[in-house]
1. What is region 405-526's relative contact order, in percent, from Cα pairs under 8 angstrom and six or more apart in sequence?
2. What does the net charge come to around residue 113 if you take all other residues with beta carbon closer than 14 Å to its beta carbon, with K and R at +1 and D and E at -1?
3. Extending each Cα 7 Å along its Cβ direction at residue 97 and residue 403, get the distance between those two points in nm, one decimal.
4. Taking 41 Å as R0, compute the FRET efficiency from the Cβ-Cβ separation of residue 46 and residue 294 and round it to 0.05.
5. Cα to Cα, under 15 Å, and not fewer than 8 places away if on the same chain: which aspartates and glutamates meet these conditions relative to residue 191?
6. Report the extension gain between residue 453 and residue 346 in nm, rounded to one decimal, defined as 0.36 nm multiplied by the number of residues separating them, less their alpha carbon distance.
7. Please work out the average accessible area per residue across region 337-393, using the 1.4 Å probe convention, and give it in Å².
8. Set the Förster radius R0 to 35 Å, insert the Cβ-Cβ distance between residue 130 and residue 315 as r into 1/(1 + (r/R0)^6), and round the FRET efficiency to 0.05.
Amino acid sequence: MKASNKWLTAPLAAGLAATLLSGCGTEQGGDSGSSEDTVRIGMSDEILAIDPAAGYDPGSWILFNNVFQTLVAFPNGGSRPAPEAAQQCGFSAGSTVYTCTLRDGLTFSNGNPLTSEDVKFSFERTLKIDDPSGPASLLSSIDTIETPDPQTVVFRLKVPDATFPSKIASGAGSIVDHREYPADALRTDGKAVGSGPYKLDSFGETAAVFSANTGYHGTFKRKNEGVTLKLFRGDRKALAKALTDGDLDVAYRGLSDDDIVSIENSSGTGQGIEVVQGTSAEVQHLVFNTDDPVVGKLGVRQAIAHLVDREALVQNVYKSTATPLYSIVPAGIAGHNTAFYDTYGSPDRAKAEKALRAAGITDKVKLTLWSTPSRYGPATDQELKAIAEQLNASGLFEADVESVEFGQYEKDIAAGKYGVYVKGWVPDYADADNFTAPFFGEGNVAGSPYENATITGRLLPRTAGSADRGAASADFGRIQDIVADEVPFLPLWQGKQYAVAREVVTGLEWTLDANAVFRFWEIKAD
């Protein structure tokens, strides 16, 4: 997988207030709930694309998940995809052939029928366009697609890929109308045509307006008649003010940790606003350039691992809106362990000094930590400065922090200019594969030169071929242990999810889980 816009982050309170996934309703999902009102939602993220072949950022996927159907989707709180546009799907031939049968009567919002031809077209189009900011990398295991009849789609994969259903349950699996979209270029008229629960009525600089797609035929039941998604484009103060002024029903993806804490502390004071907390699999790591003359030395990386105090970071910088993370696979994901805590324990200066001396290092280690608040939120600079202070307080390091704009930051990482830098990850799907496979090998999302043949040549292929995800846990555990031993990454924290809403809003408790998909239909504003 290439580095993409799925890299975020500051904790969901600091850079997000919710990345949501909600659940299934009845088979005939086109029937709406009793509310005749639309829901007003605000976020500070931008929507960078409305064509599914181009978007791989959280804002764009919010649009995709509501306007377009996927063959399979995650049920409320579930980790295994269930049929959505498909009536049934299943593997054969050892996780190399995946066959889906479509539901009867599927149509796009323009009235055109949705058949296997559209499914084949959609996947092949994304792969052919291969947009640099798009999700084609998630579909790279596809070899050929066959459509023996209008209701049947057969995916033949290049290699066993047990996570393929999860990948196509994401925004990458969005189905478009082959009559409406060019096969080899992006759509440029600012419109979107899908078969999901909602239609995109308009899209502009400050808002996207959605209405109910009355022709929707799937598993989700709407509890509202439409959504107005107001875009604050990074202006967090304006987002918070719009909520407190009553101009929004729900705020997410952009409230600061101070806003979250303030609202939580004022609950029950008659303000009429409440915070709903859910689970999250969003993570942040320090990344070490293993080709760097300083942190390329294992002893330096191990010393840093012995000194970083995660508890202090999440408490002092993020106001406890995140939790310490001790592995590259977060808690709540099958296969997670605590490899870094098991290996390094609590911060320990003596052990850090021992690691440096074993590497032949006797002088203070001079180090620059690189940050980019323009992408990961203003607390990121504060976090990196706190880490530098922890390192310097040991007397073993002389660390400072440099902060640059995100575009330059990514260019410099690709050029190998940074020794230590921060990266965050919001998952495409809640499986340990999505926290491991994208991070290793050529073109990895971290921009890391780190190589380990055991991980890339044996463990990852074996986990990908295991249809029983529980059976893959031992191999995922081994990957996490290797990372803790060799420290190409240092996990820092795991985010929490928050939705902040007026008290008249219901349904948010069903929309916050680790699959990182926001779906409008669970939300109702009385």
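1. Values: 78 pairs, mean separation 24.3, N = 122.
20 percent.
2. Here the charged neighbours net out to -4.
3. Calculated label separation equals 5.6 nm.
4. 0.70
5. 51, 177, 180, 201, 205
6. Values: separation 107, 0.36 × 107 = 38.52 nm, distance 3.00 nm.
Answer, rounded to one decimal: 35.5 nm.
7. Values: 2860 Å² over 57 residues.
Ligands and nucleic acids excluded, the figure is 50 Å² per residue.
8. Efficiency at R0 = 35 Å is approximately 0.20.
The values are calculated or read from the model by the stated rules, or taken from the named source; none is laboratory data. Here the structure is a predicted model, which means the values were calculated and not measured. Neighbour counts run over all protein chains shown; Cβ positions are idealised from the backbone, glycine included. Surface areas here come from the heavy atoms of the whole protein model, side chains and all, with no ligands, DNA or RNA. Shrake-Rupley method; radii C 1.70, N 1.55, O 1.52, S 1.80 Å.
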